[in-house]
Amino acid sequence: MNKHQEMAQILRDDTSIHYNCNQAIIIPYAEELGLSKEQAFNLGFNFGGGMKCGSVCGAITAGLMVLGMKGINDVSVLNEYYNAIKKNHDGFMECRDLLKSSAAKGIVKKTHCDSMIAECIGLVDELIEKNSK
């Protein structure tokens, strides 16, 4: 587990406040992206739960946000990110489908979301390392 993943898990384990999957990714990167924790919290607020409507997973969108803030916008790199996620999740990227698939496998929501967060952070860090200029 790397430093971003560790911080994300600390946020997700904090029961005094709910950090959605997007916030749990954006906040660990906030300082290096020039954001305050509060700005990162607010930025990610409406992306949890697949933009609050079951659409694209908030962890996936947070990964895209971090990659963009790091200046990584090459379509082939983004496709590498998408394809890795799809490969690991039966082709799904939408929150509603990911949760339904996990539930069918007996995986509870928090466990699924925590795993998606760790996976997306791992992919983002790998792509940043590989594509930094």
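Determine which member of the set Lys87, Lys105, Lys52, Lys70 is free of Cβ contacts under 8 Å to residues at least 40 places away in the same chain and either in contact with a strand residue (DSSP E or B) (Cβ under 6 Å, 6 or more places away or on another chain) or closer than 25 Å to Ser132 by Cβ (or both).
Details: Lys105 fails: either in contact with a strand residue (DSSP E or B) (Cβ under 6 Å, 6 or more places away or on another chain) or closer than 25 Å to Ser132 by Cβ (or both); Lys52 fails: either in contact with a strand residue (DSSP E or B) (Cβ under 6 Å, 6 or more places away or on another chain) or closer than 25 Å to Ser132 by Cβ (or both); Lys70 fails: free of Cβ contacts under 8 Å to residues at least 40 places away in the same chain.
When all the criteria are applied, what remains is Lys87.
Anything in the stretch 34-87 that is of a type in the set (Val, Ile, Thr) and assigned to a helix (DSSP H, G or I)? List them, or say none.
Here is the first cut: in the stretch 34-87, the residues of a type in the set (Val, Ile, Thr) are 56, 60-61, 66, 72, 75, 77, 85.
Listed by number, the residues that qualify are Ile60, Thr61, Val66, Val75, Val77, Ile85.
Give the residues of the stretch 1-20 that are more than 13 Å from Ala40 (Cβ to Cβ) and assigned to a helix (DSSP H, G or I), sorted by residue number. Outline the logic, then answer.
Within the stretch 1-20, the subset more than 13 Å from Ala40 (Cβ to Cβ) is 1-3, 5-6, 9-10, 12-18.
Within the stretch 1-20, Lys3, Gln5, Glu6, Gln9, Ile10, Arg12, Asp13 meet the criteria.
Identify, from the list Met116, Met93, the residue that is under 22 Å from Glu129 (Cβ atoms) and within 14 Å of the chain's Cα centre (by Cα). Spell out how you get there, then give the answer.
On the way: Met93 fails: under 22 Å from Glu129 (Cβ atoms).
From the options Met116, Met93, the qualifying one is Met116.
Would it be correct to say that Leu33 is surrounded by 13 or more Cβ atoms within 10 Å (Cβ to Cβ) and free of Cβ contacts under 8 Å to residues at least 24 places away in the same chain?
Taking the combined requirement at face value, the residue does not satisfy it.
When you look at Glu38, is it surrounded by fewer than 16 Cβ atoms within 10 Å (Cβ to Cβ) and closer than 15 Å to Val124 by Cβ, yes or no?
Numbers: surrounded by fewer than 16 Cβ atoms within 10 Å (Cβ to Cβ): yes; closer than 15 Å to Val124 by Cβ: no.
No; evaluated as a whole, the condition is false for this residue.
So, Tyr29, is that one in a loop (DSSP other than H, G, I, E, B), within 21 Å of Asn2 (Cα to Cα) and under 13 Å from the mean Cα position of the chain (by Cα) or not?
no
If Thr61 meets every condition in (1) surrounded by 15 or more Cβ atoms within 10 Å (Cβ to Cβ); (2) more than 19 Å from Gly122 (Cα to Cα) apart from one, which number is that one?
Against the list (1) surrounded by 15 or more Cβ atoms within 10 Å (Cβ to Cβ); (2) more than 19 Å from Gly122 (Cα to Cα), Thr61 comes up short only on (2).
Among (1) in contact with a helix residue (DSSP H, G or I) (Cβ under 6 Å, 6 or more places away or on another chain); (2) under 18 Å from Ser115 (Cβ atoms); (3) among the basic types (Lys, Arg), where does Lys70 come up short?
Of (1) in contact with a helix residue (DSSP H, G or I) (Cβ under 6 Å, 6 or more places away or on another chain); (2) under 18 Å from Ser115 (Cβ atoms); (3) among the basic types (Lys, Arg), only one is false for Lys70: (2).
Readers should treat all values here as calculations from the given coordinates under stated rules, not as data from a laboratory. Quantities reported herein were computed from a predicted structural model and do not represent experimental measurements. Every residue, glycine among them, receives a Cβ derived from its backbone with ideal geometry; neighbour counts consider all protein chains shown.
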